[in-house]
Amino acid sequence: MTSGTPMTGRDSAAAFKGLIIGAICIAVVVVTVTMLTNRKFASHEASPGTAETH
């Protein structure tokens, strides 16, 4: 009865694993790029024009 419903085929488990692993890989790349960028600009001083203006 449930053979025609979505997400119940033979490849559903592989699809979900791929979705989860893909999301984890993208999150790792985003966090890595953010950390490397923050590390690169950590030694830069804030210029007077970017200080608080209010």
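Available extension along the chain between A42 and L19 is 4.9 nm, counting 0.36 nm per residue and deducting the alpha carbon span.
3J(HN,Hα) couplings calculated from phi for region 18-26 with the Karplus curve 6.51 cos²θ - 1.76 cosθ + 1.60 (θ = phi - 60°) are, in sequence order, x, 5, 5, 5, x, 5, 5, 5, 5 Hz; Gly and Pro show x.
Where a number appears in this text, it was derived from the coordinates with a stated rule and is not lab data. Just so it is clear, the structure is predicted and the values come from calculations on it, not from any experiment.
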